[in-house]
Structures are given as C-alpha cells and as structure tokens.
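*Asks:* Just passing along the structure, written as structure tokens.
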C-alpha cells in the first residue's frame, strides 16, 4: 500500500471513530472492542505515512536502519512497553467511566490511543521475533485475565454499562487473547514449519 493510500485510510478510520463516537460508546463491548481499536488502526496507518513524509522532507531516509536512528526505540522495546501500559489503562472500567463523564478524558483517549497506534507500528518494525513474542504473550495474558474478571465479577464494574454488556466484553477480550496468537502463527507459518522440522 502506498504512503498516500495509507494516509487516506488512516484519515478515514479517524473520521469514522469521531463520527460514530456516540453509537460506538453506548455499549462497553463496542467501546472497548471496536471504538478503541478503530482509533488505534487510524494511528497505525496515518503514523506510517506521517513518519515517511517527515523523514523524506528532512533527507534522513538514508539513515534509517543505522544504530543512531534506532536509539530512542531500540529493538522496539520502549514502544511495546508503552503499548502494554496504554492498553492496560483503557481496559480499566474506571477509565471508560471517565471518558463518558469528561470531555478531557475523551480527548486523552483519542490522543493516547492514536499515538499508540503510531508507536506500535514503528516498534513492530524494529523488534525481532523473540521480543515480539514476549510482548504478544504478555498482552494476551493480560487481556485474557481482564476478560475472565469481567465475566466472573457478580456486580457492575462500570457505572455506565450493564452487567450483561460487561460479560460480553469479557468474552470478547478472551476471544481476542486467543485469536491474536493464532493470527501470529498463521503469519509466521513458514518459519514455524521450518522450526518444527529441526
């Protein structure tokens, strides 16, 4: 996909996240499993195009891949750690309540998740497979635990969402925690087959 197409796709996703904010935040499951990932995807696509544009304008494309250019996010570890922290923050029931009560937190959600989408793309490009597998395992473990807690808790954790919606969100998080490793294995199937042969 070209840089221009990525920019347009990211802009379209951001417009959808802004335009459909009300219906997508009426239920906890849509808020956490659709709206937040939509903003993240917008950051992913727009981040790549904005970074490429910035690098081209400053004539530093030739230095990409050198040790000096990778210093601030070496091996992608700082960026992936930020992704885990931001993800954990927006899985907290209190955070979702704050978004619905305060426009300040709503803006903070858009900014933090959008920037995280930019960071995760850059970090994945820098990280080797061992680092990626470590952080993927931690993210899926955290997501599954939160999902189970949402399902097993007998009272509402969010003031603005029903208990049944909380249980659906928990189930969705568990499914996500199972699906992500399967997607990763599918994408890495050639390397996995080669590893199993040895």
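*Asks:* Give the residues of the stretch 1-24 that are outside any loop (DSSP other than H, G, I, E, B) and farther than 26 Å from residue 100 by Cβ, sorted by residue number.
*Replies:* If the condition is that a residue be outside any loop (DSSP other than H, G, I, E, B) and farther than 26 Å from residue 100 by Cβ, then 3, 4, 5, 6, 7, 8, 9 are the ones that fit.
*Asks:* Further question: Answer yes or no as to whether residue 82 is modelled with pLDDT of 90 or more and either in a helix (DSSP H, G or I) or under 27 Å from residue 171 (Cα atoms) (or both). Even if it seems obvious, please write down each step before you answer.
*Replies:* Working: modelled with pLDDT of 90 or more: yes; either in a helix (DSSP H, G or I) or under 27 Å from residue 171 (Cα atoms) (or both): yes.
The answer is yes for residue 82.
*Asks:* Tell me, yes or no, whether the stretch 64-79 has at least one residue that is crowded, with 20+ Cβ neighbours inside 10 Å and either modelled with pLDDT under 95 or out of contact with any helix residue (DSSP H, G or I) (no Cβ under 6 Å at 6 or more places or on another chain) (or both).
*Replies:* Step one: filter the stretch 64-79 for residues crowded, with 20+ Cβ neighbours inside 10 Å, giving 76, 79.
Right, trim to either modelled with pLDDT under 95 or out of contact with any helix residue (DSSP H, G or I) (no Cβ under 6 Å at 6 or more places or on another chain) (or both) and you get 76, 79.
Yes, the stretch 64-79 has at least one match.
*Asks:* Shifting gears a bit: Answer with yes or no whether residue 117 is touching a residue at least 24 places away in the same chain (Cβ under 8 Å), under 20 Å from residue 24 (Cβ atoms) and part of a helix (DSSP H, G or I). Before the answer, list the steps.
*Replies:* Working: touching a residue at least 24 places away in the same chain (Cβ under 8 Å): yes; under 20 Å from residue 24 (Cβ atoms): yes; part of a helix (DSSP H, G or I): yes.
Answer is yes for this residue.
*Asks:* Is it true that residue 164 is free of Cβ contacts under 8 Å to residues at least 24 places away in the same chain, out of contact with any helix residue (DSSP H, G or I) (no Cβ under 7 Å at 6 or more places or on another chain) and not in a helix (DSSP H, G or I)?
*Replies:* Numbers: free of Cβ contacts under 8 Å to residues at least 24 places away in the same chain: yes; out of contact with any helix residue (DSSP H, G or I) (no Cβ under 7 Å at 6 or more places or on another chain): yes; not in a helix (DSSP H, G or I): no.
Here the answer is no, as residue 164 does not meet what is asked.
*Asks:* Would you be able to say whether some residue in the stretch 137-148 is farther than 29 Å from residue 10 by Cα and either exposed (fewer than 15 other Cβ atoms within 10 Å of the Cβ) or in contact with a strand residue (DSSP E or B) (Cβ under 6 Å, 6 or more places away or on another chain) (or both)?
*Replies:* Yes, there is a match, as at least one residue in the stretch 137-148 is farther than 29 Å from residue 10 by Cα and either exposed (fewer than 15 other Cβ atoms within 10 Å of the Cβ) or in contact with a strand residue (DSSP E or B) (Cβ under 6 Å, 6 or more places away or on another chain) (or both).
*Asks:* If you scan the stretch 88-104, which residues turn out to be assigned to a helix (DSSP H, G or I) and under 18 Å from residue 30 (Cα atoms)?
*Replies:* 88, 89, 90, 93, 94, 95, 96, 97, 98, 99, 100, 101
*Asks:* May I pose another question? Consider only pairs whose beta carbons are under 6 Å apart and that are at least six residues apart or on different chains; among these, list those whose first residue lies in the stretch 143-156 and is over 13 Å from residue 176 (Cβ atoms) and whose second residue is assigned to a helix (DSSP H, G or I).
*Replies:* 151/167; 151/170; 156/163
Quick grid of which residues meet (1) touching a helix residue (DSSP H, G or I) at 6+ places or on another chain (Cβ under 8 Å); (2) modelled with pLDDT under 75; (3) more than 27 Å from residue 162 (Cα to Cα); (4) exposed (fewer than 14 other Cβ atoms within 10 Å of the Cβ):
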| residue | (1), (2), (3), (4) |
| --- | --- |
| 13 | yes, no, yes, no |
| 16 | yes, no, no, no |
| 32 | yes, no, no, no |
| 45 | yes, no, yes, no |
| 56 | no, yes, yes, yes |
| 62 | no, yes, yes, yes |
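*Asks:* Which pairs turn up if I take residues in the stretch 172-183 that are within 14 Å of residue 141 (Cβ to Cβ) and look for partners that are modelled with pLDDT under 95 and exposed (fewer than 14 other Cβ atoms within 10 Å of the Cβ) with beta carbon separation below 6 Å, at least 6 apart in sequence or on another chain?
*Replies:* Going by the 6 Å Cβ cut-off, there are no qualifying pairs.
The values are calculated or read from the model by the stated rules, or taken from the named source; none is laboratory data. Everything numeric in this text was worked out from a predicted model, so none of it was measured. With ideal geometry, Cβ positions are generated from the backbone for all residues, glycine too; neighbour counts draw on all protein chains shown.
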